[in-house]
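The values are calculated or read from the model by the stated rules, or taken from the named source; none is laboratory data. What you see is a predicted model, and the numbers here were worked out from it, not measured in a lab. So basically every Cβ, Gly included, is an ideal-geometry build from the backbone, and we count neighbours across all protein chains shown. Remember, those area values only see protein heavy atoms, side chains included, never the ligands or the DNA or RNA. Shrake-Rupley method; radii C 1.70, N 1.55, O 1.52, S 1.80 Å.
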Amino acid sequence: YLGTASRFRIYSLTGIDFTSDMAVDDFSVLDNGTDASVQSIDNPASGCDLGTVDVEVTLFNGSCAAAPAFDVTLEVDGSVIVTDTYPAGLPALGTASHTFTVPVSFITPSTSIITAWTSVAADGNPFNDTASIAVTSSTPPVVNTGFDPNYCIGTATYFPDPIVPGGT
């Protein structure tokens, strides 16, 4: 709200107990400089057979001016995968989606910790730069439907059985 007039109202209660006591000693409104952060990790989510996926995050600019270009880093299980540069222009108090340029493989069933953070010169609040999530990639369940797995539904065609030479 840089360059605009702002009004602040401070309410108080009068009375005889502790809920009515109030004092305002110092009051300041400060711009904390550039404050770009990773607000959330939006993709991937846990699931079955994830394969290789793009990691998407939401970035937030918590300052009163557009953010300059800054780095956004992706780490999986403690290993840095990629550092991308987000271009200048993320508006004041604005959000933007960012997809990392290197996809991540979740082929092996496991739980992985995904962490993403911003690196901004003269960051006004370095304590809000990072977001992390746990993503579990599971093996799809095997469901016995009662159908012969070598039968193609709707075509009355049997596929050759890989165990029996020539199939049935």
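Among residues of the range 99-110 that are surrounded by 15 or more Cβ atoms within 10 Å (Cβ to Cβ), those with a Cβ under 7 angstrom from a residue that is part of a strand (DSSP E or B) and charged (D, E, K, R), sequence gap 6+ or separate chain, pair up as F100/D84. Can you name the residue in the range 95-132 that is aromatic (F, W, Y) and at pLDDT 95 or above and, of all such residues, is nearest to D54 (Cα to Cα)? The extreme case among them is F100. One residue stands out in the range 33-86 among those that are open to solvent by 30 Å² or more (accessible area, probe 1.4 Å) and among the acidic types (D, E): the one that is modelled with the lowest pLDDT, namely D49.
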